[in-house]
1. Out of Gln89, Pro72, Asn33, whose Cα points farthest toward the positive end of the dipole of region 3-142 (charges: +1 Lys, Arg; -1 Asp, Glu; placed on Cβ)?
2. How much length would be gained if the chain were fully extended between His22 and Lys93, taking 0.36 nm per residue of separation minus their Cα-Cα distance, in nm to one decimal?
3. Using alpha carbons only, how many degrees (0 to 90, rounded to 10) separate the axis of helix 3-18 from the longest principal axis of the chain?
4. Once every DSSP H run of n ≥ 4 in the chain is given -39500 (n - 2.57) and the sum is divided by its residues, what mean residue ellipticity at 222 nm do you get, rounded to the nearest 500 deg cm²/dmol?
5. When the chain is fully extended, how far beyond the present Cα-Cα distance does Lys65 get from Asn7, taking 0.36 nm per residue of separation?
6. Going by how many other beta carbons lie within 10 Å of each one, how would you line up Tyr68, Tyr88, fewest first?
7. Taking amide hydrogens as modeled 1.01 Å from N in the peptide plane, which residues meet the under 5 Å criterion relative to Ser45, leaving out close sequence neighbours?
8. Packing-wise, with mean Cβ within 10 Å as the measure, how do 97-104, 26-33, 42-49, 4-11 rank, highest first?
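Here, each number is a calculation from the coordinates, and none is a lab measurement. Just so you know, these numbers come straight off a predicted model, no measurement behind them. Every residue, glycine as well, gets a Cβ built from its backbone with ideal geometry; the counts of neighbours run over all protein chains shown.
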Amino acid sequence: MTQRFTNAITKLYDAFHNGTLHPECACQCAVGNICDNNDAWKHLSDDHGSLNLNYIGIVNEKLGKRLYGYKPSELLRIEQAFLQGCGYQLPLKHNHFKPSNPEDRNLQFEGLCGAIIIMCKLEGINDITDYTKLFENEDQLSKHSIEA
């Protein structure tokens with residue numbers, strides 16, 4: 001696993017357990033936490049939850065700029081997956097559907113799972129949230145152990 005992945009997972013874990021994760025706040029959403037609770041990343045797109053880079057995002061992407069190890073387009077993918085996992089209609093707009101309680105821990109957990117799946121794909125590693133291998137068996141014996 002890369003350092004950016006380890007850093008990001010640690011920040012998301014801490015935010016979830018410290019109650020400092022909030023999908024609608026650019027400083028406390030998934031990417032806001034990855035970016036040390038800084039909202040500068042929100043200027044890469046015109047709409048929260050969109051994958052469309054705006055002029056600033058395009059320029060930064062073309063210049064090879066990385067924020068906390070991630071390209072602008074990668075940050076937008078992570079945030080979109082987080083918001084979708086939380087149940088938001090995207091992009092975030094005042095008249096689009098949004099959950100009634102964005103601070104619900106189950107909702108945030110689902111959002112984090114979505115973000116982590118994308119982060120794993122960006123790293124080219126297996127999804128660390130996939131527990132299905134634990135239940136695979138051959139001749140009534142487990143094929144994998146929890147330690148694996």
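1. Pro72
2. Working: separation 71, 0.36 × 71 = 25.56 nm, distance 1.60 nm.
My answer for the length gained is 24.0 nm.
3. 90 degrees
4. Working: 5 runs with 63 residues, N = 148.
It comes out at -13500 deg cm²/dmol, rounded to the nearest 500.
5. Between Lys65 and Asn7, full extension yields 19.1 nm more.
6. Least crowded to most crowded, the residues run Tyr68, Tyr88.
7. Placed amide hydrogens put Asn54 under 5 Å from Ser45.
8. 26-33, 42-49, 4-11, 97-104
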